Every structure is written in structure tokens, then in C-alpha cells.
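Student: Okay, handing you the structure first.
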Amino acid sequence: MSKHQRLRAALDSRELFTAMAAHNPLSAVLAEEAGFHGIWGSGFELSASYAVPDANILSSGTHLDMMRAIASVTSIPLIADIDTGFGNAVNVSYVVPLYEAAGASAVVMEDKTFPKDTSLRADGRQELVRLEEFQGKIAAAVQAKSDKDFVVIARTESLIAGLGQEEAITRALAYEAAGADAILIHSKQPTPDEILQFVKAWSGTVPLVLVPTAYPQLTEKDIEALGKVGIVIYGNHAIRAAVGAMRTTFAQIIKDRGIQHVDPDLPSVKEIIMLQGDERMRDIERRYLR
Ligand code: SPV
Ligand code: MG
């Protein structure tokens with residue numbers, strides 16, 4: 001099965017598909033190695049890795065190039081975070097084929113205005129486009145893809161914007177009607193109550209996608225028990241793990257005025273060389289270097 005088919009089959013089977021965020025190919029390789037079913041091509045993580053806000057500061061080309069680089073070294077499906085689609089339905093029509101060609105198996109597009117602000121920022125600027133406008137963007141995305149198994153996920157930010165459950169359900173149903181294969185419902189509440197209320201009220205036929213960053217107490221087992229969720233995305237745990245690990249190591253080296261104490265605890269240089277695809281290069285060397 002192709003990567004696209006695997007993601008599509010997972011959605012059809014209703015078995016929970018887990019996607020870990022990545023901000024570069026190495027973090028994506030580590031996510032695959034750990035056993036996640038897919039990669040989340042997170043805009044937040046990529047922006048953070050450039051040390052700029054997740055607010056459409058980076059260009060779509062920068063994100064697209066990273067998705068291509070990630071897809072080229074991983075064998076699990078990549079779900080690309082295309083924010084608001086980088087403009088209106090016209091932009092979406094041109095952008096989606098580029099992501100498909102880059103090797104992504106899905107795009108997630110959110111119903112905020114362009115330029116966006118990141119969802120979990122306290123007092124962020126959260127403004128949504130008209131429901132009809134976003135339906136047009138979803139329909140444009142569906143029409144623009146070539147592979148029938150390429151997945152288009154509509155994300156509503158109604159709860160993030162504080163517009164309430166009714167608006168969230170209305171929009172999610174409208175986006176399903178426009179052709180979305182799944183609905184991502186996001187929340188920044190520190191408990192899962194708001195999300196659980198939405199899931200309970202969800203009467204659509206397509207699966208839901210959750211990003212439990214703000215309410216980490218909701219486990220995969222809990223999510224499976226809900227029965228309506230197809231994908232769980234771990235939105236920013238690669239960059240947060242990397243920041244934590246770098247901070248600890250850097251502080252130790254500064255304290256010790258040398259690398260003598262950190263060295264034994266770090267992955268070896270050999271391990272990094274392996275992650276760089278050393279086996280493949282050795283094979284090429286053996287066959288062709290004469
Ligand atoms: C991302 O990871 O870029 C997301 C999820 O879109 S969040 O940052 O929670 O909005
Ligand atoms: Mg994002």
C-alpha cells in the first residue's frame with residue numbers, strides 16, 4: 001500500500017492513527033523509529049525551529065520544502081499543516097497539488113483569516129473567515145488533488161476563537177458537506193470538557209481529528225473509547241523535547257566549562273551517522289565506487 005492508501009485505510013477502519021509533529025527530516029525519522037503511524041508537518045514546530053512566531057511569517061515555500069525533505073526520508077504518511085491555505089480558494093487550488101507532489105498524504109487547512117495567529121497563544125488574534133468562503137476553500141482543495149486517497153482535513157477554530165459549540169458543529173458539518181474527509185476540532189481549554197462536548201454532539205459521518213496539547217490528560221485509550229476520532233496529533237512534542245534536551249546539555253557544558261560530563265549521556269556520533277542514512281551510503285559505495 002502507498003502512504004496515501006495507508007492513511008486512507010486507517011481513516012476508513014476507524015482505528016486510531018497517531019501522528020507526531022516534526023520540524024525537520026531528522027525529527028520525522030525519529031518519530032517513525034518510535035512507532036508513530038504518521039508525521040504531523042507542523043507549522044508551529046517549523047516556525048519555532050526558525051525562532052519566529054507561527055503567524056505566517058515563514059513563506060509557504062519554506063514549509064513546502066520541509067515537507068518534501070521529510071517525505072523523502074520517511075515511509076509513513078505525512079499530514080501537512082497548510083495553515084489557512086496561504087490565501088483564498090485560488091491560492092488553495094495552486095498549493096494543494098504542490099503538497100501532493102512533495103509527498104504529503106494529507107493537508108489540514110484551518111478556517112482562520114490570513115495571516116493567521118497561532119492557536120494556543122494567550123490572547124491571540126483569532127478571526128475566522130465566513131463559513132461559505134471556507135467551504136469554497138475545502139471544495140477547491142478536494143478538486144485540486146489528483147490521488148483519490150490523498151486526504152483533505154478541514155480544521156475549525158470556532159472553539160479557539162470562543163465562538164461556542166453551536167458554531168463549531170455548524171461549521172464542521174458544513175465543511176464535511178463541502179467534501180472534507182475529516183474534521184479537526186481544536187481547543188485550548190486545559191481540560192478535555194469542551195472537546196468531549198463537541199465529540200458527543202458530532203453527528204457527521206467523517207472522523208474527527210484531535211490535538212490534545214492543551215488537555216494532555218486525555219489519553220489514546222480515552223480517545224479510542226469515544227469512537228468518533230480517527231487521528232490524534234501530538235502537535236509540538238518534538239520541538240519541546242528538543243528545546244528541553246538542548247537547554248539541559250548546554251547549561252551543563254557552560255557549568256562544567258567542558259563536555260566531560262555530558263558526553264556519556266548523549267547519543268553517540270555513530271548513532272547520528274546511522275540516522276543520516278549511513279547504511280544506504282555504504283551500499284552505494286560498495287556497488288559503485290570503483
Ligand atoms: C501546529 O502544530 O502547527 C498546529 C497545532 O497547528 S497548534 O499549534 O496547536 O495550533
Ligand atoms: Mg499549525
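Student: Counting heavy atoms of the protein chains only and a 1.4 Å probe, report the per residue accessible area for the chain as a whole number of Å².
Tutor: 49 Å²
Student: Using a Förster radius of 25 Å, what is the FRET efficiency between residue 284 and residue 69 based on their Cβ-Cβ separation? Nearest 0.05, please. Mind dumping the intermediate values first?
Tutor: Details: r = 19 Å, r/R0 = 0.78.
Once rounded, the FRET efficiency stands at 0.80.
Student: Let me ask something else about it. State whether the stretch 196-290 is rounded, prolate or oblate according to the following rule on the C-alpha gyration tensor (a ≥ b ≥ c being the square roots of its eigenvalues): a/c under 1.5 gives rounded; otherwise a/b larger than b/c gives prolate, and the remaining case gives oblate.
Tutor: oblate
Student: Now, a different point. Projected area of the stretch 105-258, taken from the Cα convex hull and averaged over every viewing direction, in nm²?
Tutor: Approximately 11.8 nm², given one-decimal rounding.
Student: Sticking with this structure for a sec: Considering only C-alpha atoms, what is the centroid distance from the stretch 240-290 to the stretch 7-64, in Å?
Tutor: 22 Å
Student: If R0 is 25 Å, what FRET efficiency do you get for residue 163 and residue 55 from their C-beta distance, rounded to 0.05?
Tutor: Details: r = 20 Å, r/R0 = 0.81.
Given R0 = 25 Å and the Cβ-Cβ separation, E is 0.80.
Student: Run the Debye formula on the Cα coordinates of the stretch 183-232, all scatterers equal and no solvent, and tell me log10 I(q)/I(0) at q = 0.20, 0.25, 0.32 1/Å.
Tutor: -0.59, -0.95, -1.58
Student: Roughly speaking, to the nearest percent, how much of the chain's 1.4 Å accessible area is carbon and sulfur?
Tutor: Taking all protein chains in place, the chain shows 56 percent carbon and sulfur surface.
Student: Cα axis of helix 165-177 to longest principal axis of the chain: angle in degrees, 0 to 90, nearest 10?
Tutor: It works out to around 80 degrees.
Student: Which aspartates and glutamates have a Cα less than 13 Å from the Cα of residue 116, not counting those fewer than 8 places away in the same chain?
Tutor: 54, 81, 83, 127, 157
Student: Shifting gears a bit: Would you compute, from DSSP H runs of 4+ residues alone, the mean residue ellipticity of the chain at 222 nm, taking -39500 (n - 2.57) per run and dividing by the full residue count, rounded to the nearest 500?
Tutor: Working: 12 runs with 136 residues, N = 290.
Calculated at 222 nm, the ellipticity per residue is -14500 deg cm²/dmol.
Student: Pairs 145/200; 137/200; 221/270; 3/200; 145/221: which are spaced more than 29 Å apart, C-alpha to C-alpha?
Tutor: Violating the 29 Å limit, Cα to Cα: 145/200; 221/270; 3/200; 145/221.
Student: Going 7 Å from the Cα of residue 249 in the Cα-to-Cβ direction, what parts of the stretch 5-45 have a backbone nitrogen less than 15 Å from that spot?
Tutor: 26-27, 30
Student: Another one. Find which of 165, 213, 143 sits farthest along the positive direction of the dipole of the stretch 137-290, computed with +1 on the beta-carbon of Lys and Arg, -1 on that of Asp and Glu, about the Cα centre.
Tutor: 143
Student: If I histogram all Cα-Cα distances within the stretch 31-88 using bins 10 Å wide from 0, what percent of pairs lands in each bin?
Tutor: Going from the shortest bin to the longest, the percentages are 22, 52, 24, 2.
Student: Who wins for biggest fluctuation among 187, 268, 93 in a Gaussian network model of the chain, springs between alpha carbons below 10 Å?
Tutor: Per the Cα network of the chain with a 10 Å cutoff, 268 tops the list.
Student: Have a look at 176, 220, 157 and tell me which one the Gaussian network model of the chain (Cα, springs below 10 Å) gives the largest fluctuation.
Tutor: 220
Student: Gain in length, residue 123 to residue 262, computed as 0.36 nm per residue apart minus the alpha-carbon separation, to one decimal in nm?
Tutor: Taking 0.36 nm per residue and subtracting the Cα distance, the gain is 46.1 nm.
Student: Same structure again: Karplus couplings for the stretch 95-109 from phi (6.51 cos²θ - 1.76 cosθ + 1.60, θ = phi - 60°), rounded to Hz, Gly and Pro as x?
Tutor: So the Karplus estimates, Gly and Pro as x, are 7, 4, x, 5, 5, 5, 5, 6, x, 6, 9, 7, 10, 10, 10 Hz.
Student: So, with +1 on the Cβ of K and R and -1 on the Cβ of D and E, and no other charges, what is the size of the charge dipole of the stretch 3-236 about its Cα centre, to the nearest 20 debye?
Tutor: Approximately 260 debye in magnitude.
Student: Which of rounded, prolate, oblate describes the stretch 3-236, given a ≥ b ≥ c as roots of the alpha-carbon gyration tensor eigenvalues and a/c under 1.5 marking rounded, otherwise prolate only if a/b is larger than b/c? Before the final figure, lay out each step's value.
Tutor: Working: a/c = 1.22, a/b = 1.12, b/c = 1.09.
Since a/c stays below 1.5, the shape of the stretch 3-236 is classed as rounded.
The values are calculated or read from the model by the stated rules, or taken from the named source; none is laboratory data. The structure displayed is predicted, hence computed values, not measured ones. Reconstructed Cβ throughout: ideal geometry from the backbone, glycine too, with neighbour counts over all protein chains shown. Accessible surface is based on the protein model in full, side chains and every heavy atom, while ligands, DNA and RNA are left aside. Shrake-Rupley method; radii C 1.70, N 1.55, O 1.52, S 1.80 Å.
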